[in-house]
Amino acid sequence: MHADAPHHPPFGLGAASVARLMQWPRHVLHLVVKYQQNPLRAARALAYAQVAALDAWHLAQPLGTAGAQIAAHRATSLMLEQLYPHEIPGQFEARFAMLASQCLAGDATDERRTAVWDRAETFGREVAATLIARSLRDGAGRVWSPRQRPPDFNGAWQPTFPLYAANPSEGMAPSWLPWVKPSAQRYDPAPPPRPGSAQHQHETREVLETSRALTPAQREAAYAWHLDAGSVTPGGLWMLRALDLIEQAQPHADEGAAIARGLEVMAAVAVALHDAFIACWRIKLRDWSERPITAIRRDLEPGFIPLLVTPSFPAYVSGHATVSAAACEVLCALFPEQRSRLIASAQEAALSRLWGGIHFRCDNDEGLRLGYAVGREVVAQRALTSTALRPVDPNTYRRLAAR
């Protein structure tokens, strides 16, 4: 599904307002594809955009529903202007003007509209400035150095066919600033099985035998979930799922409640995706474990080529499994009636990496466990924004957002 494809919101008060605000994440996904962003960069952009919208909505509540919407549009447009500096100048400004102008269509007087608009823009700019400052110190600008490579050991990750990339993609991601502070009790995957262990031998053979006996359905699922740079990415697919669930949900009787619900869903999923990638990459760079192609070519079949191209970073744990479980956990909490379908999707995302021949089973199983833990923290803390509460003034917002 194309990120900018037209969608028809459900009938009900607030549906048009929600649909306008949901144009922003769709546009971000369009930019993710356009700039061929990797899954981690895509998740970062989505998180900043959605947190900007939700924080501005909360901050501008004194202005009423119309003003709060304008603030949300303003904050998001300025945040994206920062994240995508190579876009045509004025594009985000024009999109903001188009969407925000529709928020005051029913207001009484020109004087009233001007007053609300000006104050809403002030709130939106405040949020954008705070989050832009955060983005400049969140660690995403750091560059991994080959000096950080661990000493070689039996089972260490090696460059693999056909990319033969020597350095891991986004090697500094473990140090990125998360939105939700990790709990000291968060699930921490044990080190992976290494060559010479019975489990490693069993799982290596399982990848080879699975690759030789793929069913058409497994092959199709492996390709469908292979969402690398140039696609909406795995996180983007879960954001599209969240958008669909928002549109299919029973409409709220109150416009403000409908808007808040939509913004909170999107921010929660985006934050969970972002933090799940950080958690996943911490384990990848901690354990530096080899990929199936390395083990199979060494121990079983020298000419083995998996169905999918092996990514250029360590195997354990699976990124697809981790972020899918995190998004699944959040969406299950917000849409409990969809629980069985969401869990099935997360499990398929994880298994697709085994079917693609690029992950061992333990990579997927442990990734799911880690992702569910991250998702539970987002739900438990209700830290769906950078503040975790509804701020009452810009000074309060700035102090809390800088935590």
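What do you get for the angle between helix 233-248 and the principal long axis of the chain? Use alpha-carbon atoms, 0 to 90 degrees, nearest ten.
On a 0 to 90 degree scale, this one is about 40.
If you average the alpha carbon positions of segment 326-347 and of segment 15-40, how far apart do those two centres end up, in angstrom?
Each part's Cα centre sits 21 Å from the other's.
Mind listing the phi-derived Karplus ³J(HN,Hα) values for segment 273-283, rounded to whole Hz, using 6.51, -1.76 and 1.60 with θ = phi - 60°, and x for any glycine or proline?
Karplus values, whole Hz, x for Gly and Pro: 4, 4, 5, 5, 5, 4, 4, 5, 5, 4, 6.
Under 5 Å between amide H atoms, partner at least 5 residues away or on a different chain: which partners does S289 have, H built in plane at 1.01 Å?
Long-range HN contacts for S289: W157, A315, Y316.
Sort V116, V265 so that the residue with the fewest other Cβ atoms within 10 Å of its own Cβ comes first and the one with the most comes last.
V116, V265
Suppose a student asked you for the relative contact order of segment 155-391, using Cα pairs under 8 Å spaced at least 6 residues apart; what percent would you report?
Result for segment 155-391 is 32 percent.
Tell me which chymotrypsin sites (Phe, Trp or Tyr not before Pro) from segment 103-182 have a DSSP coil assignment and no more than 15 other beta carbons within 10 Å of their own. Show your work: numbers first, answer last.
Details: sites: W117, F123, W144, F153, W157, Y164, W176, W179; in loops: W144, F153, W157, Y164, W176, W179.
Filter output for segment 103-182: F153, Y164.
Test of understanding: ordering T76, T204, T114 by Cβ neighbours within 10 Å, fewest first, what list do you get?
If I rank by nearby Cβ atoms, fewest first, I get T114, T204, T76.
R0 = 22 Å: FRET efficiency of A184 with R339, Cβ-based, nearest 0.05?
0.20
Fewest to most neighbouring Cβ within 10 Å: what's the order for I259, I70, I132?
Taking fewest neighbouring Cβ atoms as first place, the list is I132, I259, I70.
So what is the calculated 222 nm ellipticity per residue for the chain, using -39500 (n - 2.57) for each DSSP H run with n of 4 or more, over all residues, to the nearest 500 deg cm²/dmol?
Per the formula, -19500 deg cm²/dmol.
With the contact rule set at Cα under 8 Å and sequence spacing of 6 or more, what percent relative contact order holds for the chain?
Numbers: 643 pairs, mean separation 95.3, N = 403.
Over the chain, the number comes to 24 percent.
Could you give the size of the charge dipole of segment 15-139 about its Cα centre, using +1 on the Cβ of each K and R and -1 on the Cβ of each D and E, expressed in debye and rounded to the nearest 20? Could you put the intermediate results ahead of the total?
Values: 13 positive and 11 negative charges, 84 e Å.
For segment 15-139, the charge dipole is close to 400 debye.
Within segment 70-127, list the GluC sites (Glu not before Pro) lying in a DSSP loop whose Cβ has at most 15 other Cβ atoms in a 10 Å radius.
Passing sites in segment 70-127 are E87.
For helix 339-355, report the angle its Cα long axis makes with the longest principal axis of the Cα atoms of the chain; keep it between 0 and 90° and round to the nearest 10°.
Roughly 40 degrees, rounded to the nearest 10.
Which value, to two decimals, describes the C-alpha radius of gyration of the chain once divided by 2.2 N^0.38 Å?
That ratio works out to 1.03.
Using +1 at the Cβ of each Lys and Arg and -1 at the Cβ of each Asp and Glu in segment 256-300, identify which of A258, I283, A270 lies farthest towards the dipole's positive end.
So the residue furthest toward the plus end is I283.
Between S175 and R297, take the C-beta separation as r, use R0 = 30 Å, and let me know the FRET efficiency to the nearest 0.05.
On the way: r = 32 Å, r/R0 = 1.08.
So, using R0 = 30 Å, E works out to roughly 0.40.
Enter the angle in degrees (range 0 to 90, nearest 10) between the Cα long axis of helix 319-334 and the first principal axis of the Cα atoms of the chain, meaning the one along which they spread out most.
The angle comes out at about 40 degrees.
By how many nm would the segment from L136 to R286 grow when fully extended, if each residue of separation counts as 0.36 nm and the alpha-carbon distance is taken off?
Going from the current span to full extension adds 51.5 nm.
Placing unit charges on C-beta atoms (Lys and Arg positive, Asp and Glu negative, everything else neutral), compute the dipole magnitude of the chain about its Cα centre in debye, rounded to 20. Walk me through the numbers before you get to the answer.
Details: 41 positive and 38 negative charges, 173 e Å.
The dipole of the chain has a size of about 840 debye.
Just to be sure I understand the model, the point goes 7 Å from the Cα along the line to the Cβ. What's the resulting Q347 to Q250 distance in nm?
2.8 nm
Rule-based calculations on the coordinates, nothing more; no lab input. What you are looking at is a predicted structure, and each value in this text was computed from that prediction instead of being measured. So basically every Cβ, Gly included, is an ideal-geometry build from the backbone, and we count neighbours across all protein chains shown.
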